[in-house]
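**Q** Sharing a structure below in structure tokens format, with a few things to ask.
Derivation of every value follows stated rules applied to the coordinates shown; laboratory data play no part. Predicted model only: the values in this text are computed from it and were never measured. Note that we place each Cβ from the backbone using ideal geometry, even for glycine, and neighbour counts take in every protein chain shown.
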């Protein structure tokens, strides 16, 4: 069978409508083939982490959604099927019957644990659930957080950790310019938090945040950054890392951190204390988190490959709540190989592997392919590489017996699944923007699935 021509398009299903999924669709449409792309997502809304993960006060970053919308509306061979759970509503085998190839773009949906005593005490949370809660992700709207407390610790210094720190530190006026949910904004406005501690196991030269993110810590209206001058005294290997011409990000971070270390107290309501060379070893408390026990670390190893080694020095500090953000893992899907150690779908250049053999017709993009690394833009070349692999495999594909997804849609209908189209998502989008405009925000998100499904059926207002 010849596919990819005008009469018989190559049929691709993408599982996950986040950035990597849209970039994969874009790469497919830019190929020399005639391609029909159907994108499935378990939520009624597209855009994945762009909607539910990117900080609500980073609206400029969220504007990339316009590019994804163009991919959807400008290609008649694109379809979106929201509110469909692969592995529950329909199986991978169901998809293989209808599509020549599957591309998994389902991300890393769960957190790694710290693995320390007291981690499950009340007051100990994942950063993911907090981010999902204030961003309006339906999975996390039943969560509650005791924001009446005074001292919060965030473990980890990546993008998510910085976002949590900043959201906790901002005042109500600053948050009013974002698309944070009304419930979260009200709870944060009533917060009693006075100290926010951001803890990293290695040193400032190895910090994972970017210049923009750390710089924002010095621009908050009611919170001031605090850095211990001793923490920015570097060992020889760290000095050599900074001298590497490729390490410009770390040099910029160090410049800002040195400025923070030299600041005099400004008397603001909150402090953002940035710790280095520390790791949590226990959360302490009677029925809830009351303190955190940390071990002091030293760095060992060659420049660019230094490891944090625990010393004999430990400290115990008062603490009311802890958010962990130390890595993320994908979730297995029945019928798809899974690497338990890395939390990804095992692959070579995006092509899935099972028992060391290539699985032609099964591919991965984004975090489920490479692990939780990179920024939003990193997904574009990642997806393009996988699509390149897929196209090179066309001669090896077993083409789908059914050349449409009509049977799938009928199965979903019979099961009572309310499938959301891209046009119906635009209805949701319009209603959210309209609601946001009434209160001076970019949008007011609908956060409950039944309400999202009802909004999807409401005609777009002009």
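**Q** Just the number, please: percent antiparallel of the DSSP beta bridges in the chain, rounded to the nearest 5.
**A** Around 35 percent of the beta bridges assigned by DSSP in the chain are antiparallel ones.
**Q** For the chain, find the longest principal axis of its Cα atoms and tell me its angle to the long axis of helix 159-169, 0 to 90°, nearest 10.
**A** The answer is roughly 60 degrees.
**Q** Something else now. Set the Förster distance to 30 Å, then compute FRET efficiency between residue 407 and residue 354 from the Cβ-Cβ distance, nearest 0.05.
**A** That pair, residue 407 with residue 354, gives E of 0.70.
**Q** Now, a different point. Please report the antiparallel percentage of the DSSP beta bridges confined to the stretch 113-326, to the nearest 5.
**A** So the antiparallel bridges amount to about 40 percent of the total.
**Q** Take residue 177 and residue 30, extend 7 Å from each Cα along the Cα→Cβ direction, and tell me the distance between the two endpoints in nm.
**A** Here the modelled spin labels are 3.3 nm apart.
**Q** At a Förster distance of 56 Å, what's the computed FRET efficiency of residue 234 paired with residue 143, Cβ-Cβ distance as r, to 0.05?
**A** Working from the Cβ atoms, E equals 0.90.
**Q** For the chain, what is the mean residue ellipticity at 222 nm derived from helices alone (per DSSP H run of n ≥ 4: -39500 (n - 2.57); sum divided by total residues; nearest 500 deg cm²/dmol)?
**A** The per-residue figure over the chain is -9000 deg cm²/dmol.
**Q** Could you tell me how many degrees, from 0 to 90 and to the nearest 10, lie between the Cα long axis of helix 422-438 and the main elongation axis, the longest principal axis, of the Cα atoms of the chain?
**A** 40
**Q** Mind checking the full-extension length gain between residue 457 and residue 435? Use 0.36 nm per residue of separation minus the Cα-Cα distance, one decimal, nm.
**A** Once the chain is fully extended between residue 457 and residue 435, it gains 6.3 nm.
**Q** Separate question: For the residues 64, 3, 39, what sequence is obtained by ranking on other C-beta atoms within 10 Å, fewest first?
**A** 64, 3, 39
**Q** Quick one: 423, 447, 386, fewest Cβ neighbours within 10 Å first, how do they rank?
**A** Fewest to most other Cβ atoms nearby, the residues stand as 423, 447, 386.
**Q** If you don't mind, another one. Taking a cut-off of 18 Å, what percent of all Cα-Cα pairs in the stretch 327-407 are separated by more than that?
**A** It works out to 47 percent of all Cα pairs.
**Q** Relative to the present Cα-Cα distance, how much length would full extension add between residue 423 and residue 77 at 0.36 nm per residue of separation?
**A** 123.1 nm
**Q** Separate question: Between residue 8 and residue 302, take the C-beta separation as r, use R0 = 45 Å, and let me know the FRET efficiency to the nearest 0.05.
**A** Rounded to the nearest 0.05, the efficiency is 0.25.
**Q** Return one number: the angle in degrees, 0 to 90 and rounded to the nearest 10, between the long axis of the Cα atoms of helix 379-392 and the longest principal axis of the Cα atoms of the chain.
**A** 30
**Q** How much length is gained if the chain between residue 341 and residue 121 is pulled fully straight, taking 0.36 nm per residue apart and subtracting their Cα-Cα distance, in nm to one decimal?
**A** Difference between extended and current length: 76.6 nm.
**Q** Could you check the simple spin-label distance between residue 398 and residue 221, using points 7 Å along Cα→Cβ, in nm with one decimal?
**A** Distance between label points: 6.1 nm.
**Q** By count of other Cβ within 10 Å, fewest leading, how are 425, 367 ordered?
**A** 425, 367
**Q** Need one number: convex hull volume per residue for the stretch 293-443, Cα atoms only, in Å³.
**A** Looking at the stretch 293-443, the number lands at 274 Å³ per residue.
**Q** Could you please tell me the mean projected area of the C-alpha convex hull for the stretch 113-326, averaged over all directions and given in square nanometres to one decimal?
**A** 12.1
**Q** Right, another one. Which entry in (1) 46, 26, 18; (2) 34, 29, 21; (3) 41, 27, 20 is this structure's computed semi-axes √(5λ) of the Cα gyration tensor in Å?
**A** So the calculated entry is the one marked (3).
**Q** Consider just the alpha-carbon atoms of the stretch 17-147 and return their Rg together with their Dmax, both in angstrom.
**A** Radius of gyration, then largest Cα-Cα span, for the stretch 17-147: 17.5, 56 Å.
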